[in-house]
Amino acid sequence: MAYEAKTDWLPDDPINEDDVNRWEKGIQDAHKDLATHKNDMNNPHNTTKTQIGLGNVDNVQQAAKKDFDQHDQDQQRHITNEERAKWNGAQLSKITKDDGSILINIGQGYDFHSVAIGQKKTFTFYISSDAINAPPQAVRGIYLCSSSTSGEAMAMATDGGFWRKSLVNGSWSDWIKYETEEGSIKRLAVHTDNKDIHVTKSDKDKWNGAQLFKITNDVGGVLVSIADTDDFLERIVKAGKTFGTFYSTGKPTNAPSTLSTRGFFHFTSIDSNGNGTFGYVVAIDYKNNMYSNYVDGNSGWSGWKKYETEVNAQNKADKALLDAKAFVQENFTNPKLTVLTGTNAIQDARTSGESYPLGLTLMDIGQGNTTGYPLRYGIVKNEKYNNSRFTQYFYGTGNESGTYIDSTGVWIRHWWSGSGWTPWEKISGFAHTNVGTTGKQLLIKGEQQKVRFNRKIKDSHNAFDVTNNRFICPNSGMFLVNAGLYIENVQRYANYEMEIYLNGTIYKNIAHYRNSPANPSDSTQFNVGVYGAATVPANAGDYIEIYLYVGYDGDVQRYITDNSGWYNYFDITEMGGRNYPRF
């Protein structure tokens with residue numbers, strides 16, 4: 001049949017196998033017609049000499065032989081047989097090389113988009129998979145150029161895969177792979193045979209309305225119904241289920257509520273008679289009160305426990321608060337809880353406890369009071385039941401600005417009519433200090449010398465005096481003292497003793513290092529660590545220092561090393577309490 005041309009192509013129309021076959025058939029038919037016409041020497045078009053400009057030529061006149069030979073040898077006007085091989089299948093717009101091979105090879109690093117737009121014409125190509133904007137496998141194909149902004153690329157891979165890519169209004173689509181019918185059938189077969197993602201009819205029959213542990217019937221109804229004449233707990237135990245839901249009115253014996261309830265139960269074991277032995281039940285009545293009960297196969301049911309709703313719990317809390325306020329207003333009046341002011345306030349800490357009123361009283365202590373309160377400013381709370389049951393608290397003002405860094409803390413003391421006031425005992429706001437050294441410190445042979453701790457790392461109450469290398473106790477009480485020194489030393493006899501001094505007098509030896517090497521040497525150097533700790537009872541204003549006795553052989557001088565606070569340190573922590581008397 002005659003070739004039928006399709007002249008209404010659009011840029012994104014798909015090209016299928018029938019289109020390509022139609023083109024090939026049209027080209028084949030055209031070649032056959034051309035060959036037949038070329039071999040027809042019978043003037044098929046009835047051309048006359050007048051039509052070709054030979055109307056005035058004598059029919060019998062011939063050119064001279066030399067003119068004919070010259071014409072016959074003219075290679076500009078004649079073509080060779082080799083050229084006819086080329087031209088019989090020629091292309092007005094080249095899409096292959098003259099020998100029919102692929103015209104453009106687009107390899108690694110080359111961009112298919114740039115090549116296609118840059119050619120501005122139709123061409124065939126080969127693209128490797130590592131080219132830019134290439135499909136994920138090597139392909140051969142043709143690019144049909146419509147314009148600089150529209151075109152269609154079609155390509156085939158060695159595995160039979162067919163790829164397509166379109167340029168529409170300057171925008172490229174992705175490479176789209178079209179699968180063969182054979183490939184689709186194979187892939188569908190693999191998917192169909194995958195039992196991991198498909199279920200059988202028996203699976204469906206098992207799952208339709210099913211539960212691995214049956215806690216309701218198949219229509220979602222209640223599994224266990226507890227009748228009015230039942231024993232609630234016995235009915236649950238004899239349900240013969242490890243899990244279950246239930247419905248009950250408030251009438252059965254041992255019901256959790258007088259209202260109807262719904263809930264669930266769970267037993268971890270069932271005995272040979274089908275009765276639950278260990279487990280629990282949870283029930284909720286229609287007013288949202290929740291109950292639980294636990295059964296132990298050995299000891300039986302523990303009893304119903306009721307859980308309040310948030311609203312009920314809040315209502316009870318509100319009622320308890322109102323009841324408490326009413327009780328306080330009824331039983332505690334101003335005479336029993338009083339702020340003492342004016343002449344009623346006792347400003348002198350030395351005043352006998354007998355002079356204080358009964359009950360709870362508050363007093364302001366100010367104006368730089370020096371009569372025996374822990375600080376010069378604060379608040380006193382008195383809790384006096386009688387003259388033998390009287391506790392007094394002193395609260396610091398909490399003012400930590402400027403020089404008032406020690407104004408935070410709480411102290412307590414007691415009054416006993418037979419022995420008077422106990423000493424003040426601090427119960428909060430304790431002091432702590434961490435001090436180090438700076439530079440190397442020469443150790444004088446044969447002397448007891450104070451260690452120059454002069455670098456504050458932390459000092460909560462500004463209690464350390466770096467000019468005198470001492471800690472001044474801000475309060476009376478017990479203090480924990482830790483000290484450590486790292487000393488430059490050589491391999492000779494050495495004796496180092498570290499002591500805590502209290503108010504300039506030795507209080508405790510806390511570390512002792514002595515070494516007498518078998519092979520003394522002034523050139524063998526090794527450092528020595530001396531570390532120790534002890535508790536020190538002290539009064540406010542007492543001071544604590546660290547001393548070191550240094551003894552050694554030879555003339556090589558010894559030094560405290562220039563190390564940071566984890567080698568050379570002086571730590572003091574106020575432990576509270578009071579400075580109890582020594583015996």
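The values are calculated or read from the model by the stated rules, or taken from the named source; none is laboratory data. No experiment lies behind these values; they were computed from the predicted model shown. We place every Cβ from the backbone using ideal geometry, glycine too, and count neighbours over all the protein chains shown.
For this structure, a couple of remarks:
- A Cβ distance below 9 Å, combined with a sequence gap of six or more or placement on separate chains, defines the contacts here; from the range 490-501, residues that are in the same structural domain as residue 521 (by TED's automatic domain parsing) and touching a residue at least 24 places away in the same chain (Cβ under 8 Å) reach residues that are outside any strand (DSSP E or B) and of a type in the set (A, V, I, L, M) in the pairs 490/556; 492/556; 498/451.
- Test: residue in the range 274-287 that is hydroxyl-bearing (Ser, Thr, Tyr) and within 18 Å of residue 244 (Cβ to Cβ): yes
- Scanning the range 119-151 for residues that are closer than 16 Å to residue 174 by Cβ and under 49 Å from the mean Cα position of the chain (by Cα) returns 127, 129, 131, 132, 133, 134, 135, 136, 137, 139.
- Some residue of the range 531-540 being among the hydroxyl-bearing types (Ser, Thr, Tyr) and either closer than 18 Å to residue 472 by Cβ or not assigned by TED's automatic domain parsing to the domain that holds residue 455 (or both): yes
- Filtered residue count, the range 419-443, keeping only those that are touching a helix residue (DSSP H, G or I) at 6+ places or on another chain (Cβ under 9 Å) and part of a loop (DSSP other than H, G, I, E, B): 0
- Residues located in the range 404-418, provided they are without any contact (Cβ under 8 Å) to a residue 40 or more places away in the chain, outside any strand (DSSP E or B) and farther than 9 Å from residue 378 by Cβ: 404, 408, 418
- For residue 8, the stated conditions hold: it is at pLDDT 75 or above, within 30 Å of residue 149 (Cα to Cα) and of a type outside the set (A, V, I, L, M, F, W, C).
- From the list 263, 274, the one residue that fits, being surrounded by fewer than 16 Cβ atoms within 10 Å (Cβ to Cβ) and either touching an Asp or Glu at 6+ places or on another chain (Cβ under 7 Å) or under 22 Å from residue 229 (Cα atoms) (or both), is 274.
- When 91, 119, 62 are checked against the criterion of being of a type in the set (S, T, N, Q) and modelled with pLDDT of 70 or more, a single residue qualifies: 119.
- The residues of the range 235-266 that are among the hydroxyl-bearing types (Ser, Thr, Tyr), assigned to a loop (DSSP other than H, G, I, E, B) and modelled with pLDDT of 90 or more, listed by number, are 257, 258, 260.
- Output for the range 169-199, where each listed residue is small (Gly, Ala, Ser), outside any loop (DSSP other than H, G, I, E, B) and within 20 Å of residue 127 (Cβ to Cβ): 171
- Among residues of the range 481-511, those that are under 22 Å from residue 468 (Cβ atoms), buried (at least 18 other Cβ atoms within 10 Å of the Cβ), out of contact with any Lys or Arg (no Cβ under 6 Å at 6 or more places or on another chain) and of a type in the set (Val, Ile, Thr), counted: 2
- Of residues in the range 132-168 being closer than 14 Å to residue 113 by Cβ and either in a loop (DSSP other than H, G, I, E, B) or not assigned by TED's automatic domain parsing to the domain that holds residue 121 (or both), the one modelled with the lowest pLDDT: 148
- Test: residue in the range 305-312 that is out of contact with any strand residue (DSSP E or B) (no Cβ under 6 Å at 6 or more places or on another chain), of a type in the set (S, T, N, Q) and not assigned by TED's automatic domain parsing to the domain that holds residue 377: yes
- Here is the figure for the range 404-419: residues that are surrounded by 13 or more Cβ atoms within 10 Å (Cβ to Cβ) and either of a type outside the set (S, T, N, Q) or on the phi > 0 side of the Ramachandran plot (or both) total 11.
- Residue within the range 465-488 that is assigned to a strand (DSSP E or B), more than 44 Å from the chain's Cα centre (by Cα) and of a type in the set (Val, Ile, Thr) present: yes
- All positions within the range 518-538 that are loosely packed, with under 14 Cβ neighbours inside 10 Å and in contact (Cβ under 8 Å) with a residue 12 or more places away in the chain: 519, 520, 521, 522, 523, 524, 525, 526, 527, 535
- Residue 542 falls short on exactly one of the conditions (1) without any contact (Cβ under 8 Å) to a residue 60 or more places away in the chain; (2) in contact with a Cys (Cβ under 7 Å, 6 or more places away or on another chain), and that condition is (1).
- Out of 539, 475, one residue alone is in contact with a Ser or Thr (Cβ under 8 Å, 6 or more places away or on another chain) and of a type in the set (S, T, N, Q). It is 539.
- Among the residues listed as 359, 378, 398, the single one being of a type outside the set (Val, Ile, Thr) and out of contact with any strand residue (DSSP E or B) (no Cβ under 7 Å at 6 or more places or on another chain): 398
- Matching entry among 578, 514 (being surrounded by 18 or more Cβ atoms within 10 Å (Cβ to Cβ) and either in contact (Cβ under 8 Å) with a residue 24 or more places away in the chain or out of contact with any Phe, Trp or Tyr (no Cβ under 6 Å at 6 or more places or on another chain) (or both)): 578
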